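The values are calculated or read from the model by the stated rules, or taken from the named source; none is laboratory data. If you're wondering where the values come from, they're calculated on a predicted model, not measured in any experiment. Quick reminder, even Gly has a Cβ in these numbers, built from the backbone with ideal geometry, and neighbours come from all protein chains shown. Only protein heavy atoms, including side chains, enter the accessible area calculation; ligands, DNA and RNA are left aside. Shrake-Rupley method; radii C 1.70, N 1.55, O 1.52, S 1.80 Å.
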Amino acid sequence: MFNSLSFASICCSSYEIVIFTLICVFSSHSNLDPLTETYGIPFYLQYLAHWPEYFIVAEAPGGELMGYIMGKAEGSVAREEWHGHVTALSVAPEFRRLGLAAKLMEMLEKISERKGGFFVDLFVRVSNQVAVKMYKQLGYSVYRTVIEYYSASNGEPDEDAYDMRKALSRDAEKKSIIPLPHPVRPEDIE
């Protein structure tokens, strides 16, 4: 299905970094979904400088941005917590339900495997049941609930998040995905 598409990791020496960042931050096209977090330019540039291989964009044959994923590698190897983290995944509305998000996730998981990660994790709003269902279909499970992880706007209450994980081959016993029996607060997350 994606044979004619272009998938590219961002190269830090490229002028495309600035263009990609501006597109992601200011485009109502890919971040049209109000549940996709939008970050400031310094945040994107920090990720691009430290984890360029975890920035992947998908372009249609005509050059339009279809979607992107950004993430990082973090944690402790000694405690078997070295892992890939999905920071943002966004697909433009007209390209949804084509398997593009699954392809981007697969690509990030492969990078995390190559880096020796034990698992991949992500945070998703508890209310975003469409995304929760998709992640479960991709093999992710709820590891823990994080109370009031997402700051609300418009006077609404803060929203809880699920910390979802998928074990990688290095975690053959799948210890990294054993669910915690109780919720945690954002300040309790390492």
Notebook entry, point to check: Looking at G71, G116, G84, which one is in a loop (DSSP other than H, G, I, E, B), closer than 23 Å to S176 by Cα and open to solvent by less than 30 Å² (accessible area, probe 1.4 Å)?
Noted result: G116
Next item on the list: Can you confirm whether segment 92-104 contains a residue that is over 25 Å from V142 (Cα atoms) and without any contact (Cβ under 8 Å) to a residue 60 or more places away in the chain?
Entry: yes
Checklist line | Which listed residue is open to solvent by less than 50 Å² (accessible area, probe 1.4 Å) and part of a strand (DSSP E or B), from V142, V132 | finding: V142
Check: Would you call Y47 at pLDDT 55 or above and either over 27 Å from S127 (Cβ atoms) or outside any strand (DSSP E or B) (or both)?
Finding: yes
Next item on the list: Give me a count of the residues in segment 87-98 that are among the polar types (S, T, N, Q) and open to solvent by less than 20 Å² (accessible area, probe 1.4 Å).
Entry: 1
Next item on the list: Kindly indicate whether any position in segment 121-129 is part of a loop (DSSP other than H, G, I, E, B), small (G, A, S) and either under 15 Å from the mean Cα position of the chain (by Cα) or within 25 Å of V77 (Cα to Cα) (or both).
Entry: no
Item checked: Tabulated pairs, segment 23-51, first closer than 19 Å to A131 by Cα and hydrophobic (A, V, I, L, M, F, W, C), second open to solvent by 60 Å² or more (accessible area, probe 1.4 Å) and modelled with pLDDT under 80, C-beta under 6 angstrom, 6+ apart or interchain -> none
Notebook entry, point to check: Could you give every pair whose Cβ atoms fall below 8 Å, whose first residue belongs to segment 137-158 and is more than 11 Å from P183 (Cα to Cα), and whose second residue is small (G, A, S) and open to solvent by 40 Å² or more (accessible area, probe 1.4 Å), counting only separations of at least 6 or pairs across chains?
Noted result: D158/S151; D158/A152
